[in-house]
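The values are calculated or read from the model by the stated rules, or taken from the named source; none is laboratory data. Only a predicted model underlies this, so the values are computations on that prediction, with no experimental measurement involved. In this analysis, Cβ positions are derived from the backbone assuming ideal geometry, glycine residues included, and neighbour counts consider all displayed protein chains. Ligands, DNA and RNA are stripped out before the accessible areas are found, and what is left, the full protein with its side chains, is counted by its heavy atoms. Shrake-Rupley method; radii C 1.70, N 1.55, O 1.52, S 1.80 Å.
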Amino acid sequence: MTVAAALCARGQQTTTTPTPGDTLLHASQITLTGHFEAPLGPTAAARAVRAVDEQIDAKRAADAVRSQFAPMWDLAVWRYLPSDPVRSLNSRVASDDDPFFTPEYLKVSARQLDYQLKVSEQAARDFFH
């Protein structure tokens, strides 16, 4: 039995692990064949700064093109003025409503009432049929 144990121990000793010095190359064995240079283009930081500069220049150019009166239209005072959603203040027909020459049935208010009556009658017909 001692012979078998000795053979097993001897079999384990023959498989040695290589040391790091055996697997690594020595500096004298390395040969450089290429020519290495630093890149000639701008670095990533320089490209990022240039991109931000271009965005700032584009924004300034867009602001320069805008009219000088544009900020006046953005003022909050315009919200307090009356609005005209029907656009009757700028209508050519509304300016033709002269109380002395235009009959009542041709005035804009009368025509709007006639239109609303027609729409409501149509809705009633659609509802009951």
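Per-structure values
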| read-out | value |
| --- | --- |
| Selection within region 117-129 - open to solvent by less than 80 Å² (accessible area, probe 1.4 Å) and either of a type in the set (A, V, I, L, M) or in contact with a strand residue (DSSP E or B) (Cβ under 7 Å, 6 or more places away or on another chain) (or both) | VAL119, ALA123, ALA124 |
| Residue in region 8-17 that is among the charged types (D, E, K, R) and modelled with pLDDT of 80 or more present | no |
| Residue identified as modelled with pLDDT of 75 or more and either among the charged types (D, E, K, R) or open to solvent by 70 Å² or more (accessible area, probe 1.4 Å) (or both) among ASP98, ASP22, ASP114 | ASP114 |
| Qualifying residue in region 38-55 (condition: part of a helix (DSSP H, G or I) and at pLDDT below 80) | no |
